[in-house]
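The values are calculated or read from the model by the stated rules, or taken from the named source; none is laboratory data. Keep in mind that this is a model prediction, so the values were computed, not measured. Virtual Cβ from ideal backbone geometry, glycine too; neighbours counted across all protein chains shown.
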2 protein chains.
Amino acid sequence: MRQSQFPIKTQKEAPKDELSINAKLLIRAGFINKLAAGIYSFLPLGLRVLRQIENIVRREMVAIGGLELLMPALQPKDNWQQTGRWESFDALFRLQGVDKKDYALGATHEEIISPLTKNLVLSYKDLPLYLFQIQTKFRNEPRAKSGLLRTREFSMKDLYSFHANQNDLDQYYKKVESAYFKIFAKCGLGEKTFLTLASGGSFSKYSHEFQTITEGGEDTIYICQKCKLAINEEIFPLDYSNNKPQNSSQTERNNSINNQNNRLPNKTDIGTKRKNPTCPACGSSDFKKAKAVEVGNIFKLGTKYSAPFDLKFRDADGKEKIVIMGCYGLGPSRLMGAIVEVWHDEKGIIWPKEVAPFVAHLITVNSQRSAINNQIEKTAKTLEAKLEKQGVEILYDDRQDVSLGVKFADADLIGIPTRIVISEKTLEKGAAEIKKRNEKKAELIAINNLYKFFA
Amino acid sequence: MRQSQFPIKTQKEAPKDELSINAKLLIRAGFINKLAAGIYSFLPLGLRVLRQIENIVRREMVAIGGLELLMPALQPKDNWQQTGRWESFDALFRLQGVDKKDYALGATHEEIISPLTKNLVLSYKDLPLYLFQIQTKFRNEPRAKSGLLRTREFSMKDLYSFHANQNDLDQYYKKVESAYFKIFAKCGLGEKTFLTLASGGSFSKYSHEFQTITEGGEDTIYICQKCKLAINEEIFPLDYSNNKPQNSSQTERNNSINNQNNRLPNKTDIGTKRKNPTCPACGSSDFKKAKAVEVGNIFKLGTKYSAPFDLKFRDADGKEKIVIMGCYGLGPSRLMGAIVEVWHDEKGIIWPKEVAPFVAHLITVNSQRSAINNQIEKTAKTLEAKLEKQGVEILYDDRQDVSLGVKFADADLIGIPTRIVISEKTLEKGAAEIKKRNEKKAELIAINNLYKFFA
């Protein structure tokens with residue numbers, strides 16, 4: 001892609017109303033555009049990153065048997081009344097149509113997928129079933145100040161699993177956990193992301209979140225220094241080892257009217273390290289406190305959403321039983337924000353390879369001699385064409401009216417993993433200068449070897 | 001894909017509240033699920049078709065220089081007030097957030113892309129610019145009774161072009177017209193789809209629609225029998241050859257409060273053929289009347305949406321000028337409905353090859369002898385694996401508890417273009433029986449030749 005043809009206008013200053021690092025950098029570098037608080041457009045550069053993340057997520061969902069579908073954002077009030085959440089779910093956008101009917105904008109899809117699945121699941125032979133979508137969700141957020149980490153409209157992958165019994169759910173739940181870690185690793189967040197005990201879940205007292213450590217996060221977690229299990233602050237002072245069933249769910253955790261607040265810790269009792277509770281996994285009481293952002297969550301729902309919709313199946317013994325459910329959320333757009341929070345320096349973003357908008361950023365250095373200039377340009381275009389033929393997409397900064405300093409600064413701000421520079425000096429050696437965005441040193445590589453380098 | 005693992009539950013009867021052929025067949029065959037009037041979920045089988053169509057559209061948009069972005073569905077009232085459409089656009093869903101701010105649900109995106117583009121277009125060097133998205137749109141429809149042809153939530157491709165002058169817009173407009181015909185041809189609607197003069201457009205008196213002839217359509221068009229240009233009934237009795245500028249736009253055409261009605265023809269003056277007006281393209285007055293569905297539209301917007309947002313550029317002469325715009329809509333989900341309206345018979349859907357959910361439907365016929373059965377199954381699985389390795393995705397009906405008659409009926413209902421049958425009889429000849437969904441006769445093809453057949 002030629003930069004002169006691609007609409008990237010970088011900005012020196014971040015918008016004053018943006019407080020978060022991810023929003024500041026993503027806006028300055030031309031990835032997103034702010035429409036209103038908590039509502040962003042993904043510009044061509046930004047959409048490339050979002051799609052990379054979505055495709056990573058999609059591949060891992062398919063790998064664990066997930067079948068993709070697409071459910072509506074516009075959802076009848078009836079469905080939400082069936083579970084009592086029309087009244088209790090604060091973050092729901094509600095609206096009325098000209099048909100005088102009330103609708104919710106989908107903040108989650110349990111109320112839609114449970115009745116839908118009644119048509120697909122008749123007997124135990126139809127189970128287990130794993131359905132997921134990557135779809136736009138809406139949350140009526142009172143405040144939205146963390147860039148892509150908390151928005152009113154966002155991309156969400158929601159997977160729902162349907163089982164004949166709890167044992168089957170338990171096994172699949174483990175599979176999803178491991179698929180999630182593969183996703184976070186591919187997004188460059190593997191080492192910063194921790195499985196975290198949190199409130200919610202119907203079958204078990206706690207649900208599991210995936211929390212990525214970053215100062216930009218809104219959550220606080222305590223990480224066991226021995227086994228690396230983390231515990232969300234909201235349940236940290238409690239006795240989390242008591243793993244018996246209770247009623248609550250992920251979506252209600254965000255509501256002010258549920259009884260979540262009386263389980264929140266007293267703010268004054270938080271230190272950098274806590275020695276008091278013991279880790280339910282390993283027994284250690286050595287914890288480290290960290291700010292974090294929730295990048296995924298998984299829940300054993302049990303029959304909480306299947307029962308209200310009478311979602312049953314005929315078991316091998318001929319008896320009708322209620323389907324057991326699990327649900328598993330992961331937000332690609334939030335993940336994009338989290339990646340920037342973790343991967344940046346004072347110059348700009350540093351995209352991990354697998355989510356980067358382009359593999360390499362090609363910059364040419366103008367020479368004083370026009371014959372050399374022609375040769376530089378010709379070499380750059382040949383390289384571009386050959387790499388693209390090879391399936392390697394690069395961004396070629398062919399802008400004529402921009403100084404080299406600006407080109408380098410833009411490249412650092414945009415954060416494509418590898419920078420290729422072709423100049424009179426490098427051409428003399430039949431080479432290009434290669435520099436990784438996350439390294440200081442540059443190296444010369446023969447142009448003929450670049451094809452192998454990016455293979 | 002194994003059918004036993006894929007959630008398709010066909011239904012003998014169509015839901016009683018569905019009147020349209022496309023909704024009846026798509027629901028019966030397991031492609032979509034009705035959530036409410038005008039609101040459908042795309043089941044895994046249906047999403048495969050929708051994605052095929054979206055990818056056909058995407059490729060053609062990229063081929064004419066389109067850059068993909070993604071804009072929000074949640075849109076501030078301010079933007080819509082700027083153009084006066086907050087009040088005048090009837091089909092807009094309006095809602096209020098907990099932030100006490102009013103939002104519209106995007107029915108179209110001129111009000112978003114015009115201010116957004118201010119950041120991308122500074123000088124004439126940044127023009128032309130072509131931005132498109134494939135995104136979910138919402139329309140507050142008073143009635144929704146045509147299945148996927150008219151829904152409250154739908155998939156839409158909207159392309160916006162930005163130009164320095166009208167000549168540039170005119171040239172690009174022609175390019176889009178030809179890209180659209182490529183899309184409709186790939187979707188199997190090439191011969192049934194006509195460029196149609198309709199009301200709307202800012203620079204020209206008329207806009208252009210693409211109308212596909214089908215009894216299920218809500219529009220009526222008059223097709224010139226000589227040059228094949230069509231004219232929408234809404235402007236047919238008028239003098240459409242007078243091509244001077246006027247004020248109106250595509251979106252307002254759906255509103256009851258604009259002055260559209262006084263240009264509607266008198267219903268009593270419509271015959272099967274009209275000899276009165278002459279075709280503005282060829283002068284013929286031989287027209288044929290037909291019911292049709294609008295599958296796309298293209299508009300020369302001029303400065304209608306750039307002026308209210310002060311979208312300017314500095315021209316080569318140093319002067320600031322208002323950007324000239326065009327917009328181009330095409331609905332993949334509506335297209336899916338239109339394809340079914342055109343391509344079906346009494347047994348079910350007949351998908352055109354390029355949009356089909358699978359390339360072939362493989363069915364095995366049980367034999368009385370279990371040794372033969374094993375051989376049939378082994379042959380089927382080998383064929384499936386080899387074809388998939390070749391990139392040919394097939395649906396293998398491996399269901400054990402279903403009769404052959406049901407399998408054949410399901411295959412006809414689902415409408416995958418090619419059916420492969422392996423039985424004791426075909427195996428004796430080392431062959432499989434191949435039948436096209438749109439043909440009566442079947443033929444035997446040696447199994448070893450099938451790989452070439454599908455290459």
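Residue-by-condition table, conditions (1) in the same structural domain as B:Arg59 (by TED's automatic domain parsing); (2) in contact (Cβ under 8 Å) with a residue 60 or more places away in the chain; (3) not polar (S, T, N, Q):
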| site | (1), (2), (3) |
| --- | --- |
| B:His109 | yes, no, yes |
| B:Gln166 | yes, yes, no |
| B:Gly200 | yes, yes, yes |
| B:Glu209 | yes, yes, yes |
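From A:Lys226, A:Lys145, A:Lys205, which residue is modelled with pLDDT under 95, of a type in the set (D, E, K, R) and over 20 Å from the mean Cα position of the chain (by Cα)?
Sole residue among the options that is modelled with pLDDT under 95, of a type in the set (D, E, K, R) and over 20 Å from the mean Cα position of the chain (by Cα): A:Lys205.
Restricting attention to the range A:73-114, which residues are of a type in the set (Val, Ile, Thr), at the interface with chain B (Cβ under 10 Å from one of its Cβ atoms) and not in a helix (DSSP H, G or I)?
Passing the criteria: only A:Val98.
Looking only at residues that are facing chain B (nearest Cβ under 10 Å) and within 16 Å of B:Ser41 (Cβ to Cβ) in the range A:133-157, which one is surrounded by the most Cβ atoms within 10 Å (Cβ to Cβ)?
Step by step, filter the range A:133-157, then rank; the result is A:Gln133.
Filter the range B:55-72 down to the residues that are more than 7 Å from chain A (Cβ to nearest Cβ) and not β-branched (Val, Ile, Thr) and list them by number.
Those that are more than 7 Å from chain A (Cβ to nearest Cβ) and not β-branched (Val, Ile, Thr): B:Asn55, B:Arg58, B:Arg59, B:Glu60, B:Met61, B:Ala63, B:Gly65, B:Gly66.
Table: residues versus (1) loosely packed, with under 15 Cβ neighbours inside 10 Å; (2) in contact with a strand residue (DSSP E or B) (Cβ under 6 Å, 6 or more places away or on another chain); (3) of a type in the set (Asp, Glu).
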site: B:Cys327; (1), (2), (3): no, yes, no
site: B:Gly331; (1), (2), (3): no, yes, no
site: B:Ile339; (1), (2), (3): no, no, no
site: B:Glu346; (1), (2), (3): yes, no, yes
site: B:His361; (1), (2), (3): no, yes, no
site: B:Ser370; (1), (2), (3): yes, no, no
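Only one of B:Leu404, B:Leu395 is touching a His at 6+ places or on another chain (Cβ under 8 Å) and either surrounded by fewer than 20 Cβ atoms within 10 Å (Cβ to Cβ) or not assigned by TED's automatic domain parsing to the domain that holds B:Leu197 (or both). Can you tell me which?
B:Leu395
Say we look at the range B:58-72 and pick out the residues that are outside any helix (DSSP H, G or I) and touching a residue at least 60 places away in the same chain (Cβ under 8 Å); which of these is surrounded by the fewest Cβ atoms within 10 Å (Cβ to Cβ)?
The qualifying residue surrounded by the fewest Cβ atoms within 10 Å (Cβ to Cβ) is B:Gly65.
Only residues that are at the interface with chain B (Cβ under 9 Å from one of its Cβ atoms) and outside any strand (DSSP E or B): list them for the range A:115-131, please. Walk me through how you get there before you give the answer.
Pass one, the range A:115-131, residues at the interface with chain B (Cβ under 9 Å from one of its Cβ atoms): A:115-117, A:119-122, A:125-126, A:129, A:131.
Result: A:Pro115, A:Leu116, A:Thr117, A:Asn119, A:Leu120, A:Val121, A:Leu122, A:Lys125, A:Asp126.
Just one of B:Pro332, B:Pro352 is modelled with pLDDT of 95 or more and not assigned by TED's automatic domain parsing to the domain that holds B:Gly302; which is it? Let's see the steps before the verdict.
Working: B:Pro332 fails: not assigned by TED's automatic domain parsing to the domain that holds B:Gly302.
Just one listed residue meets the conditions, B:Pro352.
Of all residues being more than 8 Å from chain A (Cβ to nearest Cβ) and part of a loop (DSSP other than H, G, I, E, B) in the range B:31-48, which is farthest from A:Tyr130 (Cα to Cα)? Just the residue, please.
Of everything passing the filter in the range B:31-48, B:Gly38 is farthest from A:Tyr130 (Cα to Cα).
This table checks each residue for (1) in contact with a helix residue (DSSP H, G or I) (Cβ under 6 Å, 6 or more places away or on another chain); (2) among the small types (Gly, Ala, Ser); (3) under 28 Å from B:Pro352 (Cα atoms).
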site: B:Ala144; (1), (2), (3): no, yes, yes
site: B:Arg150; (1), (2), (3): no, no, yes
site: B:Ser155; (1), (2), (3): yes, yes, yes
site: B:Asp168; (1), (2), (3): no, no, no
site: B:Lys186; (1), (2), (3): yes, no, yes
site: B:Tyr206; (1), (2), (3): no, no, no
site: B:Gly217; (1), (2), (3): no, yes, yes
site: B:Lys228; (1), (2), (3): no, no, yes
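List, please: which pairs have Cβ atoms under 8 Å, are six or more places apart or on different chains, and start with a residue in the range A:38-51 that is surrounded by 21 or more Cβ atoms within 10 Å (Cβ to Cβ) and end with one that is assigned to a strand (DSSP E or B) and aromatic (Phe, Trp, Tyr)?
Every condition considered, the pairs that remain are A:Leu50/A:Phe42.
Quick check: anything in the range B:83-90 under 30 Å from B:Thr303 (Cβ atoms) and among the hydroxyl-bearing types (Ser, Thr, Tyr)?
Kept after step one, since they are under 30 Å from B:Thr303 (Cβ atoms), are these residues of the range B:83-90: B:83-90.
When the remaining residues are screened for being among the hydroxyl-bearing types (Ser, Thr, Tyr), the result is B:83, B:88.
The answer is yes; a qualifying residue exists.
Among (1) touching a helix residue (DSSP H, G or I) at 6+ places or on another chain (Cβ under 6 Å); (2) under 23 Å from B:Arg139 (Cβ atoms); (3) among the charged types (D, E, K, R); (4) more than 11 Å from chain A (Cβ to nearest Cβ), which single condition is B:Asp17 missing?
Condition (1) is where B:Asp17 drops out.
Can you go through B:Ile113, B:Ile8, B:Ile39, B:Ile21 and tell me which one is modelled with pLDDT under 95 and under 25 Å from the mean Cα position of the chain (by Cα)? Give the steps one after another, and end with the answer.
On the way: B:Ile113 fails: modelled with pLDDT under 95; B:Ile39 fails: modelled with pLDDT under 95; B:Ile21 fails: modelled with pLDDT under 95.
Going through B:Ile113, B:Ile8, B:Ile39, B:Ile21 in turn, the sole match is B:Ile8.
Take the conditions in contact (Cβ under 8 Å) with a residue 12 or more places away in the chain, under 30 Å from A:Lys125 (Cβ atoms) and at the interface with chain A (Cβ under 7 Å from one of its Cβ atoms) and apply them to B:Lys24. Does it pass? Walk me through it before giving the result.
Numbers: in contact (Cβ under 8 Å) with a residue 12 or more places away in the chain: yes; under 30 Å from A:Lys125 (Cβ atoms): yes; at the interface with chain A (Cβ under 7 Å from one of its Cβ atoms): no.
Answer is no for this residue.
Can you find even one residue in the range A:80-87 that is in contact with an Asp or Glu (Cβ under 6 Å, 6 or more places away or on another chain), crowded, with 23+ Cβ neighbours inside 10 Å and without any contact (Cβ under 8 Å) to a residue 40 or more places away in the chain?
The answer is yes; a qualifying residue exists.
Among the residues of the range A:288-332 satisfying the criterion of being in a strand (DSSP E or B) and of a type in the set (Val, Ile, Thr), which is farthest from the chain's Cα centre (by Cα)?
To start, the set of residues in the range A:288-332 that are in a strand (DSSP E or B) comprises A:288-302, A:312-314, A:320-322, A:324-330.
With of a type in the set (Val, Ile, Thr) added as a condition, the list becomes A:293, A:295, A:298, A:322, A:324.
Values: A:Val293: 10, A:Val295: 6, A:Ile298: 14, A:Ile322: 32, A:Ile324: 27 Å.
Looking at the filtered set, the residue picked out is A:Ile322.
Among strands (runs of 3 or more DSSP E) lying entirely in the range B:333-442, which contain 1 or more residues that are of a type in the set (Asp, Glu) and under 29 Å from A:Glu68 (Cβ atoms)?
B:394-397
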